[in-house]
1. Out of all the residues in region 95-125, which are more than 21 Å from Ala280 (Cβ to Cβ) and in contact with a Gly (Cβ under 6 Å, 6 or more places away or on another chain)?
2. When you scan region 185-205, do you find a residue that is within 14 Å of Leu228 (Cβ to Cβ) and under 19 Å from the mean Cα position of the chain (by Cα), even just one?
3. Considering only residues that are within 12 Å of Gly278 (Cα to Cα) and assigned to a helix (DSSP H, G or I), which ones fall in region 14-49?
4. For region 262-272, check the following and say yes or no: at least one residue is over 27 Å from the mean Cα position of the chain (by Cα) and either acidic (Asp, Glu) or part of a strand (DSSP E or B) (or both).
5. Could you tell me which of the residues Phe96, Phe135 is surrounded by 13 or more Cβ atoms within 10 Å (Cβ to Cβ) and in the same structural domain as Glu194 (by TED's automatic domain parsing)?
6. Based on this model, can you work out whether Gly94 counts as at pLDDT below 90, out of contact with any helix residue (DSSP H, G or I) (no Cβ under 9 Å at 6 or more places or on another chain) and closer than 27 Å to Phe245 by Cα?
7. Which residues, taken from region 39-52, are more than 13 Å from Ala165 (Cβ to Cβ) and touching a Ser or Thr at 6+ places or on another chain (Cβ under 9 Å)?
8. List pairs: first in region 246-274 and over 20 Å from Leu95 (Cβ atoms) and at pLDDT below 75, second assigned to a loop (DSSP other than H, G, I, E, B) and among the small types (Gly, Ala, Ser), Cβ under 9 Å, 6+ apart or cross-chain?
Amino acid sequence: MTSPWKPCDCIIIGAGPAGLSAALEAARQGLSVEVYEAARPGGQALAASLVTNFPGYPGGIPGRELMRRWVDHIDSSGIKIVLERVTNLSKEDGLFTARTENRKVIGHSAIVAVGLKPRKLSIPGESELSGRRLFSYVDPTTLRHADKRVVIIGGGDVAFDMALAFATSARSVTIVMRGSAPACTRSLLERAMEAEISIVSGHEVVSLSEDSYGARVNLRNNLAERKLDADIIVSCIGKEPMVDFLDRSLTRGAKGLFLAGDLRQGRQCHICMAAGDGTAAAFAAAEYLKTVTRDS
């Protein structure tokens, strides 16, 4: 790890697919890097039940296993990941400063690959059940769900993939969506049907409640209201940029600052795209560093 008073070549914030790829490429380019991750290396990819579009795995591979291999690659390359949340990233006099609760690091460039944060449902009962019955984009392996009733809110790829992961041991899994038809890929829909996952389309979740028997998901459509009983509720209704730690002085045009992964791609959240994006960001950082004066 670089000493706190000597700038590293590149600060990388986030250790999901984009951040890990950026770190590997930056190290391959001969750059000194500092990698920070607020939670677990691997990011949201850890929750993928089966990754089927990453080259080299014809039958697919669980996201957890794929990320384990990536982290092993990082470890074997001598790159250290600091498990601390960056609370502020700023730039002054040509240098970037990243601060956590315990330390600060200075770098000549920075790659931000923190991904996105889940959107809130913004309905009654959300805050009361959050963290107990209600979760957002959670890794199913972190919750005891054997013989539990699981309700997934959302109709995209992640919602269906999440449902499939829970379906391996849950008593029942129900997907609730506002749209009239799923927005997931055809293969995910077919797998969900084979797993006997229930799909409730054309319904809006209006509130959540709880009694001694569990949680209630209260739905409404144009015709009537409906209730679903649940032990676990998972919200997968979309995400938004997680950039509140960026100093106001930083903009997308700040020299030496590069965005990578879901944060840059937006709705196109795929591991293979994030990996390429992270590699491209590291290349861009290396090219940028050729234009600045660095201490030897």
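The values are calculated or read from the model by the stated rules, or taken from the named source; none is laboratory data. Please read these numbers as outputs of a predicted model, since none were measured by experiment. So basically every Cβ, Gly included, is an ideal-geometry build from the backbone, and we count neighbours across all protein chains shown.
1. Arg119
2. Looking for residues that are within 14 Å of Leu228 (Cβ to Cβ) and under 19 Å from the mean Cα position of the chain (by Cα), one finds none in region 185-205, hence no.
3. First, pick out the residues of region 14-49 that are within 12 Å of Gly278 (Cα to Cα): 14-26.
Within region 14-49, Pro17, Ala18, Gly19, Leu20, Ser21, Ala22, Ala23, Leu24, Glu25, Ala26 meet the criteria.
4. So far as region 262-272 goes, no, none of its residues is over 27 Å from the mean Cα position of the chain (by Cα) and either acidic (Asp, Glu) or part of a strand (DSSP E or B) (or both).
5. After applying the criteria, what remains is Phe135.
6. Values: at pLDDT below 90: yes; out of contact with any helix residue (DSSP H, G or I) (no Cβ under 9 Å at 6 or more places or on another chain): yes; closer than 27 Å to Phe245 by Cα: yes.
Criteria met by Gly94.
7. Pass one, region 39-52, residues more than 13 Å from Ala165 (Cβ to Cβ): 39-43, 52.
Residue satisfying the conditions is Thr52 alone.
8. Close Cβ pairs satisfying both conditions: Leu263/Gly14; Leu263/Ala113; Leu263/Gly115; Arg264/Ala113; Arg267/Gly156; Arg267/Gly238; Cys269/Gly115; Cys269/Gly261.
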